[in-house]
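First the structure, in the form of structure tokens, and then the observations on it.
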Amino acid sequence: MRVIDLPASLDHQTSDALFAEVMEVGGEKVLFDGRHLRFVGPNGMVGLLAAGSVAQDRSGEAPILELGAAGDVKSYLGRMGFFQAADGIFGAGTAFPRRPSGPSDVLLEITPITTNSDVHEVVDRVQKRAGAILSKTLGYPPTSVVQFSVILSEVCQNILEHADAPGWVAAQSYNWEKRLGRHVVIISVADLGRGFRGSLSDEHSARFGDRWGDVTALEAAFIHGLTRFPDSGRGQGIQQIRKQVRRWDGLISIRSGTARIADVPEWFDAPPLEEGLSDFPGTQINIVLPERVDDED
Amino acid sequence: MRTEPGVVPISIDVGHVLRRSAESLYSHLVTRPTGRAVRLAIEQQVAGSSRTALSLIDLSDVTVMDFSCADEIVAKLLMRFLEEDRPVDALFIFRGVRQSLHEPIQTVLERQELLAVAQGSDGCCSLMGTRTEEEEYAWTVLEGRGRIGAAEVFEVFPGSHHREALHELVLRRVAFASPGDDMYHALSALVGKESA
């Protein structure tokens, strides 16, 4: 059995190491050791689901996820709907607590995206819940719930139209008092599809010649709005998401294959483009929307 | 509802079309398949007209419209009825366009270099999409007057660039020139006040 240690904090900055380890899995069964896990963000959760799926594909057996005895992480994972989404990915030996009942403080539980109906459900759900969080916690205008819903719709459709594989979306608000001195809302999306290079390859690889790869594919979609569809009305989704995230001074990054591209605001320290990451299937999108500060326009 | 002869008004409540054409109780215009289903249902209604259809596309019940739906329900709908092989002649006014819908609609119109007439809840019309300054001016003058007779055009628009712009507005289907009465009509003037 191969043991993969999960870090104390699993989020978009620590998921790369997890993906790299999973891609080294051979035929052996995998145990994800989460006994030291103290925090899992939405990126960590959907990333863990993706990692578990890949581990199952590579080893031929459902991996085990072991969590510590401390109740906080388990309880939070339960409230985020992680165990429901993980059913079928992690196998025997994984303890799946019952989902807590009662009102939820979660902005958007982990939601599998496999059909258009799922996108409608996501939008319906956040329309009911996001208004108060966006206006009271982040200080955005009351109408921002519409733009927020559109962002979610477009990122989920990215899974359906480009991945040709299932994916997950989740969103939650956090108090980043120590990191940023502000509250944030995080949206995380992950799928196990063919990634941007795979999606765009047939239509666009020839013109790039030897330069074609994960970086050029991400730049083509992220910066230039290229899509695999010949229809000139396509390819607006990511452009419009970027525009709205910029207005809110947010961070957006898209990891696909071996590369990550990002619009990085001043308050965050990360390169706009990373390459040479461990190859991992599909696409992972991370959006962080910070609380509005008074001196912003 | 009062209209000019030769133009048939068709009111289409998009919220109603959405509930009828999509397979479940969706309340928002999101996802491309949903937008496509709504567009096809609208096209079917408009195509049934025996004369030039003045299609009043009512978006009052729509809160969320994503860019995929805006592309289908606004851009592709307009493009279909600008094509030479369009099923019927049709003009469009998008009504009840609340602020939250402005951006997706404006974005898809600009992307396809289209022009559309939008009517706010106060009944006032405005242009959305890509246009020249001359087109904006000619449209605003026509909108203010409601109609301009062919004989008046030289007086109202002494400059040829504005007359050309007026002609372009007709081609782009945001103004109407009735073949029989030598008259340019603002689309809003084709609709009776009682329907605004």
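Exposure proxy shown here: for B:W139, A:W168, the number of other Cβ atoms within 10 Å sets the order, fewest to most, as B:W139, A:W168. Peptide A:149-162 shows a mean partner chain C-beta count of 4 within 10 Å per residue C-beta.
For B:S49, no residue whose modelled amide H falls within less than 5 Å of its own remains once neighbours fewer than 5 places apart on the same chain are excluded. Using only side-chain charges placed at the Cβ, +1 for Lys and Arg and -1 for Asp and Glu, the dipole size of segment B:40-109 relative to its Cα centre rounds to 220 debye. Within chain B, DSSP assigns beta bridges of which about 40% are antiparallel (rounded to the nearest 5).
Taking only C-alpha pairs under 8 Å that are 6+ residues apart, what is the relative contact order of chain A in percent? Dividing the mean separation by the residue count of chain A yields 15 percent.
For segment B:9-122, the square roots of the Cα gyration tensor eigenvalues, ordered a ≥ b ≥ c, give a/c below 1.5, which places it in the rounded category.
For A:R182, the residues whose amide H sits under 5 Å from its own are A:W176, A:E177, ignoring neighbours fewer than 5 places away on the same chain, with H placed 1.01 Å from N. A simple count of charges around B:R32, restricted to other residues whose Cβ falls under 12 Å of its Cβ and scoring Lys, Arg +1 and Asp, Glu -1, yields -2.
For chain A, the square roots a ≥ b ≥ c of the C-alpha gyration tensor eigenvalues yield an a/c of 1.5 or more together with a/b not exceeding b/c, which makes the shape oblate.
Each DSSP beta bridge with both residues in the protein assembly as shown is either parallel or antiparallel, and the antiparallel ones are about 65%. Averaged over the residues of B:98-108, the number of partner chain Cβ atoms lying within 10 Å of the residue Cβ comes to 3. In chain B, helical runs assigned H by DSSP with n ≥ 4 each contribute -39500 (n - 2.57); averaged across all residues and rounded to the nearest 500, the mean residue ellipticity at 222 nm is -11000 deg cm²/dmol. Taking a ≥ b ≥ c as the square roots of the eigenvalues of the Cα gyration tensor, an a/c ratio of 1.5 or more together with a/b no larger than b/c marks segment A:3-42 as oblate.
Between A:F32 and A:I4, A:I64, A:L65, A:E66, the built amide H atoms are under 5 Å apart, and every one of these is 5 or more places off in sequence or on another chain. Each stretch of four or more DSSP H residues adds -39500 (n - 2.57); spread over every residue of chain A, this sum gives -11000 deg cm²/dmol at 222 nm. Taking θ as phi - 60° and the Karplus parameters 6.51, -1.76 and 1.60, the scalar couplings of segment A:131-140 work out to x, 5, 5, 5, 7, 7, 7, 9, x, 7 Hz in sequence order, x denoting glycine and proline. For segment A:103-297, a crude dipole built from +1 on the beta carbon of Lys and Arg and -1 on the beta carbon of Asp and Glu, taken about the Cα centre, is about 180 debye to the nearest 20.
A simple rule links phi to the HN-Hα coupling: the Karplus curve 6.51 cos²θ - 1.76 cosθ + 1.60 with θ = phi - 60°, which for segment A:217-224 gives 5, 5, 4, 4, 7, 6, 8, 9 Hz, with x for Gly and Pro. Other residues within the sphere of radius under 11 Å centred on the Cβ of A:A171, judged by their own Cβ, net out at +1 (K and R +1, D and E -1).
Two decimals is fine: what is log10 I(q)/I(0) at q = 0.11 Å⁻¹ for segment A:190-297, from a Debye sum with one equal scatterer on every Cα and no solvent? For segment A:190-297, the Cα-only Debye profile gives -0.36.
For chain B, relative contact order (Cα pairs under 8 Å, six or more residues apart, normalised by length) works out to 20 percent. Phi angles across segment B:36-48 convert, under the Karplus curve 6.51 cos²θ - 1.76 cosθ + 1.60 with θ = phi - 60°, into 3J(HN,Hα) values of 5, 4, 5, 4, 4, 5, 5, 4, 5, 5, 5, 5, x Hz, Gly and Pro given as x.
Electrostatic bookkeeping for B:H16 treats Lys and Arg as +1 and Asp and Glu as -1; over the other residues with beta carbon under 11 Å from its beta carbon, the sum is -1.
Where a number appears in this text, it was derived from the coordinates with a stated rule and is not lab data. The structure displayed is predicted, hence computed values, not measured ones. Methodologically, a virtual Cβ is constructed for each residue, glycine included, from the backbone with ideal geometry; neighbour enumeration extends over all protein chains shown.
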